[in-house]
Amino acid sequence: MDAHPPLPPEIWEHTPPAAQELIVAQAVTVAQLRAEMAQLRATVEELARRLGRTSRNSSQPPSADPPHAVSKRPCREPSGRQPGGQPGHEGQTRVLLPVEAVDVLIPLKPVQCLYCQHPLGGEDPQPQRHQVTDIPPIKPVVTEYQLHRLVCPACGAATRAELPRGVPMGEFGPRVQAITALCTGAYHLSQRATQRAMDDLFGLSISVGTIVNLEQETVQAVAAPVAEARAYVHAQPVAYVDETGWREGRQRAWLWNMSTMPRPDYCGAIAMRSPSSKMPRAPGI
């Protein structure tokens, strides 16, 4: 029997044994249910905390905020002004290039008077200038190098010519490589979108696999300055760190960015597929 019965001793002594067993079993069940309730309450509180986490009260990026976390701008009272530029507003117009910097100059002169149709002649010292800027049609330039193989008349050995210095071994030149890297890097286009852009803009047919290879070649080309910038960041006593997350298929990934002062143009980036709490700590950061 329990040393501490659930009822007062004077009542417990007059309680039948069968009733005592039932009361004790119910007390044990109540204790278990209370423990489970406390655990469930803690789980609910943790889930509520996670649901309420936004970029304002945690380190997660704004792109990961739930819809209800988007702040709504308060409605402003109508100002009574017409939409668009207001009276007194200084307009922004494109500055005309000087005449000597224009590629094509077409002077236009009226042939006859607009009102009486009398023939006109002479020069206007200050004609109205109207400039139209456009991009000319772009056609890829294909350069073929024919490496001749000649046989020596003296010894009979065959010698093949070599490519000049600076000619890439691949099928595309440095400008194509730079544009594809710009599209997939700075402009955040996918390889498929970059493939369509190269075809639409330049009439250049290029496979997705070739774009991936050009990306890898670009990474190798900029490896030295990237290593220099990363070493500079690691050597600084203070660094400003931020993270942003994205998904690669079903896997979560993070990108850490570290910038320093007094040279904020030096920065380092670490991409990983592990939670932010497991970010590797670099020396000096």
Q) Can you list the helices (runs of 4 or more DSSP H) found entirely within the range 146-264 that contain at least 2 residues being surrounded by fewer than 13 Cβ atoms within 10 Å (Cβ to Cβ) and touching a Ser or Thr at 6+ places or on another chain (Cβ under 7 Å)? A) none
Q | Failed criterion for E100 (all others in (1) modelled with pLDDT of 90 or more; (2) part of a loop (DSSP other than H, G, I, E, B); (3) farther than 30 Å from E215 by Cβ; (4) among the charged types (D, E, K, R) hold) | A | (2)
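For the range 103-113, give me each residue that is more than 54 Å from the chain's Cα centre (by Cα) and either within 24 Å of V132 (Cβ to Cβ) or not in a loop (DSSP other than H, G, I, E, B) (or both). Explain how you work it out, then say what you get.
Initial filter on the range 103-113 (more than 54 Å from the chain's Cα centre (by Cα)): 111-113.
Those that are more than 54 Å from the chain's Cα centre (by Cα) and either within 24 Å of V132 (Cβ to Cβ) or not in a loop (DSSP other than H, G, I, E, B) (or both): V111, Q112.
If you check A227, A186, which single one turns out to be within 28 Å of S59 (Cβ to Cβ), in the same structural domain as T260 (by TED's automatic domain parsing), small (G, A, S) and out of contact with any Lys or Arg (no Cβ under 6 Å at 6 or more places or on another chain)? Can you show your working first?
Numbers: A186 fails: in the same structural domain as T260 (by TED's automatic domain parsing).
None of the other options fit; the residue is A227.
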Q) Within the range 51-59, can one find any residue that is within 30 Å of L7 (Cβ to Cβ) and either at pLDDT below 85 or not basic (K, R) (or both)? A) no
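The values are calculated or read from the model by the stated rules, or taken from the named source; none is laboratory data. Remember, it's a predicted structure, so these values are computed and weren't measured experimentally. Quick reminder, even Gly has a Cβ in these numbers, built from the backbone with ideal geometry, and neighbours come from all protein chains shown.
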